[in-house]
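The values are calculated or read from the model by the stated rules, or taken from the named source; none is laboratory data. Bear in mind the structure is a predicted one, so any value in this text is a computation, not a measurement. Note that we place each Cβ from the backbone using ideal geometry, even for glycine, and neighbour counts take in every protein chain shown. These area figures cover heavy atoms from the full protein model, side chains too; ligands, DNA and RNA do not enter into them. Shrake-Rupley method; radii C 1.70, N 1.55, O 1.52, S 1.80 Å.
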Amino acid sequence: MSDSVPHLAPHGELVIRTIAMPADTNSNGDIFGGWLLSQMDLGGAVLARNLAHSRVVTVAIEAMSFIYPVFVGDIVTCYASRQSTGRTSMKIDIEAWVQRQTDGSLHRVTEGLFTYVAIDETGRPHPVRRKA
């Protein structure tokens, strides 16, 4: 994850944008954290797949802190940036931001460092294919 300096604007590549819906709420009526984590994982996989030029799987997620809740009707946007590339793995920093339905304000709601591994057709790890 990036340093502790407050984020005034998203950084990274836009990888997913969706609207939080009532079906995605927890018992308090806020958006369930697992749903948000899933959106981040999907978005990170988009970038990882494009970097690896193959299928990828998620193998790790470093600690995440939920800064603000996500509400029904918020536009949820995930931004991803490559932090490092190993032989078969890639670490992708993913930020989740919301645009509030009520006033249009932007808020970074969480961030996490996801690790993806490039896999072949049989599901076995293979070296990340780098462009020549």
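What the table below lists for this structure:
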{"read-out": "Residue 10 being open to solvent by 50 Å² or more (accessible area, probe 1.4 Å), modelled with pLDDT under 95, closer than 13 Å to residue 109 by Cα and not hydrophobic (A, V, I, L, M, F, W, C)", "value": "no"}
{"read-out": "Every pair of residues 6+ apart whose Cβ atoms lie under 6 Å, when the first sits in region 88-99 and is among the polar types (S, T, N, Q) while the second is assigned to a strand (DSSP E or B) and open to solvent by 10 Å² or more (accessible area, probe 1.4 Å)", "value": "88/117; 88/125; 89/115; 89/117; 99/75; 99/106"}
{"read-out": "Checking residue 60 against (1) at pLDDT 95 or above; (2) in contact with a strand residue (DSSP E or B) (Cβ under 8 Å, 6 or more places away or on another chain); (3) surrounded by 13 or more Cβ atoms within 10 Å (Cβ to Cβ), the condition it does not meet", "value": "(3)"}
{"read-out": "Residue within region 77-90 that is surrounded by 14 or more Cβ atoms within 10 Å (Cβ to Cβ) and more than 30 Å from residue 118 (Cβ to Cβ) present", "value": "no"}
{"read-out": "Residue satisfying all of: in region 96-132; closer than 19 Å to residue 32 by Cα and among the charged types (D, E, K, R); surrounded by the fewest Cβ atoms within 10 Å (Cβ to Cβ) among these", "value": "100"}
{"read-out": "Out of 93, 41, 3, 30, sole residue that is at pLDDT below 95 and either touching an Asp or Glu at 6+ places or on another chain (Cβ under 8 Å) or open to solvent by less than 70 Å² (accessible area, probe 1.4 Å) (or both)", "value": "30"}
